[in-house]
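Data block below; observations after.
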């Protein structure tokens, strides 16, 4: 029987009211503590937004942001190393769709490895997605140093 | 069942009413003779002390209001010479001129006795450590509770309005078993304790909260009791009445109002009596106070009164839960809304934090009401849709209860006011 890996990446979610300076104050705290943001994305409702970060040290980020009274939580997402070539995203999304897995959100950043990108994925059934992508031979990362 | 004064606390309703009638007659005679304020008022209403023979006759007497205390600032309603006053308290003048209350030595004794009965009814006594976290000084909360706690032989820890971390460390170190403060402040203490990694339920001796000075719902009570592992008792009393006076008993089903010292009426919008158990405004007549007697003083609190004997065996009438204040009521698009209704809805939704604020404004000719709630870590989802659904779900539940639309706004944690006094829960920006 095949080993199912549980390789997932820690993502930080931060709640912010939609007003000037909130992203600045959060990123200032990360900066002051020497934390590197690998990728981030903002989703907003008009009045508030949630900022999602992938950083090099998730635990330290949570600690520092909490101390500064930010409302933050930790979520598991998929960090998938993919070839930086035409058709790569199609291949992944087709596999997910064929298996009835919905992508809730996704964002990406260029990997330190040449010609590779890291795709951050949140899926309706995260465990199933991890199993599937591992089976298909994708490299899933657990941290983003 | 422990009583402070079993004989008095278990007089029959008939005996209590006879006692009230006797004391009312004497109060009215004294007020007429010694207070120029009441003499003028009675004359204007065309009543004299001879007209007041039975308890029902009280309806002939005019009401008094907070504005009377302000209009006669500082001591125009006092009924004893200055030489008999042993203490003053002054209420903050947030809405205008402050109000001054004075006490004779006997007034302090009656106040302390009432509290001794009440605290005993909350299961407190010798061996307890009661942390008084109400402000000391001009506010009646601190000193009032202080005297009451000493009277029952418990140890008083007079922290007053100290810093919250200090409240928590002293609570832990000195084995506080009960705390007296506002319910919103106790929730705040819970939050701060959590951030200090102290679990009040398992790491302190705390077992009771004597909570008042602001309206709170049964759902808030449930939250406090569950989060902190204590029994939370409601306390009632305002500076005009002396200060905090009456609490619930272990049955937690109404506040025992000591009828030998205070006569409570519930009246409707037109000042007429309501049926027993019906909702209306609380009106107080002080039967024993000497320095500043109050006759038919309108408290502005909306509640009901029940004379039925309590399961604890006490016979004095019970003030049921305070449902709001006459002046707290907000009219939104012609609909009466009480902040307590909103609190009650919010506290039933587990994802909603402990604090909220209501903002009423006008958009063109229409009233708009927004209810702000804080996002907690456990509520925060990485899916924004989940947060937007939470807003909608809360808005729907509010609409079902209030019959008026409220826009729900999620705000950052720690941004809504927390108070150790009366919470600033309603902001009305409408310019009329």
#### Entry: Residue list for segment B:285-319, filter: closer than 13 Å to residue B:256 by Cβ and buried (at least 17 other Cβ atoms within 10 Å of the Cβ)
B:305, B:310, B:312, B:314, B:315, B:316, B:317, B:318, B:319
### Query
Yes or no: residue B:360 modelled with pLDDT of 90 or more, farther than 24 Å from residue A:21 by Cα and within 14 Å of another protein chain (Cβ to nearest Cβ)?
no
#### Entry: Hits in segment A:99-115 (condition: within 14 Å of another protein chain (Cβ to nearest Cβ) and assigned to a loop (DSSP other than H, G, I, E, B))
A:102
### Query
Restricting the search to segment B:165-190, which residues are surrounded by fewer than 19 Cβ atoms within 10 Å (Cβ to Cβ) and in a helix (DSSP H, G or I)?
B:165, B:166, B:169, B:170, B:172, B:173
### Task
May I ask you to verify whether residue B:408 is under 19 Å from residue B:324 (Cα atoms), in a strand (DSSP E or B), at pLDDT 90 or above and within 14 Å of chain A (Cβ to nearest Cβ)?
no
#### Entry: All positions within segment A:51-74 that are within 16 Å of residue A:121 (Cα to Cα), buried (at least 18 other Cβ atoms within 10 Å of the Cβ) and within 14 Å of chain B (Cβ to nearest Cβ)
A:51, A:52, A:53, A:54
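In segment B:417-427, is there at least one residue being within 14 Å of chain A (Cβ to nearest Cβ), touching a residue at least 24 places away in the same chain (Cβ under 8 Å) and under 30 Å from the mean Cα position of the chain (by Cα)?
Taking every residue of segment B:417-427 in turn, at least one turns out to be within 14 Å of chain A (Cβ to nearest Cβ), touching a residue at least 24 places away in the same chain (Cβ under 8 Å) and under 30 Å from the mean Cα position of the chain (by Cα).
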### Query
Given the residues B:289, B:396, B:298, which is the only one that is away from chain A (no Cβ under 14 Å) and more than 25 Å from the chain's Cα centre (by Cα)?
B:396
### Message
For segment A:1-25, which positions are without any contact (Cβ under 8 Å) to a residue 60 or more places away in the chain and either at the interface with chain B (Cβ under 10 Å from one of its Cβ atoms) or touching a strand residue (DSSP E or B) at 6+ places or on another chain (Cβ under 6 Å) (or both)?
### Response
A:14, A:15, A:16, A:17, A:18, A:19, A:22
### Query
Can residue A:41 be described as under 17 Å from the mean Cα position of the chain (by Cα), in a helix (DSSP H, G or I) and closer than 29 Å to residue B:391 by Cα?
no
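The values are calculated or read from the model by the stated rules, or taken from the named source; none is laboratory data. All of these numbers come straight from a predicted model, not from anything done at the bench. Cβ coordinates were reconstructed from backbone atoms using ideal geometry, including for glycine residues, and neighbour counts include every protein chain displayed.
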